[in-house]
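These notes concern the structure reproduced below.
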Amino acid sequence: MLARRLTDSLYVDAMLLADEARAYFDASYRDDGQGHEVAALEPFDRVLFSCESLKVTTRLMHIIAWLLTQRAVDAGELSNDQLRDASRRLGPAVASEPDALMRLPETARTLIATSVDLYRRVERLDAGLGEEVVTTSPARHLLHRLSQSF
């Protein structure tokens, strides 16, 4: 089980990033002049921009759902066995094409990169949940070595 402080910290990061992304992508489509970055893009790049905004949203929703599952385990609402079920694991995220991203506004690229970084951090944590960690206390290890010597 992950430390509560870690999941809380990641949850705050994910929620702040989700709010920042929502505000940016919503403003990008306004007709009041604030969406000038997207309006200046070529038609194909506007479609690319829309696809990337959906990828960011999907990544963040997978992260938030995963973190809420960790909180449920910490609160005793789910067991560790339930946590290992495939339906409780981190959902897949579609990768972005680096060459295509270079055609997008810098703010969009920054949000995309930040969401990918956060997703990868959580992905590493999720991958570690399937591994059983066996620890032997140093005292028991020493007792075992002593019993083997005599």
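The values are calculated or read from the model by the stated rules, or taken from the named source; none is laboratory data. Keep in mind that this is a model prediction, so the values were computed, not measured. Here Cβ is always computed from backbone atoms with ideal geometry, including for glycine, and neighbour counts include all displayed protein chains. Just the protein is used for accessible areas: all its heavy atoms, side chains included, with ligands, DNA and RNA removed. Shrake-Rupley method; radii C 1.70, N 1.55, O 1.52, S 1.80 Å.
Below are the figures for this structure:
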item	result
Which numbered condition Thr7 fails, given (1) open to solvent by less than 80 Å² (accessible area, probe 1.4 Å); (2) free of Cβ contacts under 8 Å to residues at least 60 places away in the same chain; (3) β-branched (Val, Ile, Thr)	(2)
Residues being at pLDDT 90 or above, more than 18 Å from Leu17 (Cα to Cα), open to solvent by 90 Å² or more (accessible area, probe 1.4 Å) and of a type outside the set (A, V, I, L, M, F, W, C) - total across region 86-108	4
Candidate set from region 112-122 (those that are in contact (Cβ under 8 Å) with a residue 40 or more places away in the chain and within 21 Å of Thr7 (Cα to Cα)); member that is surrounded by the fewest Cβ atoms within 10 Å (Cβ to Cβ)	Arg121
Residues (farther than 30 Å from Ser28 by Cα and free of Cβ contacts under 8 Å to residues at least 40 places away in the same chain) located in region 54-73	Thr69, Ala72
Region 92-112, residues that are under 16 Å from Arg59 (Cβ atoms) and of a type in the set (Ser, Thr, Tyr)	Ser96, Thr110
Looking only at region 18-62, and only at residues there that are outside any loop (DSSP other than H, G, I, E, B), among the acidic types (Asp, Glu) and modelled with pLDDT under 95, the one that is surrounded by the fewest Cβ atoms within 10 Å (Cβ to Cβ)	Asp26
Cβ pairs under 7 Å, 6+ apart, first in region 74-88 and free of Cβ contacts under 8 Å to residues at least 12 places away in the same chain, second among the small types (Gly, Ala, Ser) and open to solvent by less than 70 Å² (accessible area, probe 1.4 Å)	Leu78/Ala72
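Here is a yes/no grid of residues against (1) in a loop (DSSP other than H, G, I, E, B); (2) of a type outside the set (Gly, Ala, Ser):
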position: Ala72; (1), (2): no, no
position: Ala93; (1), (2): yes, no
position: Asp99; (1), (2): no, yes
position: Arg103; (1), (2): yes, yes
position: Asp117; (1), (2): no, yes
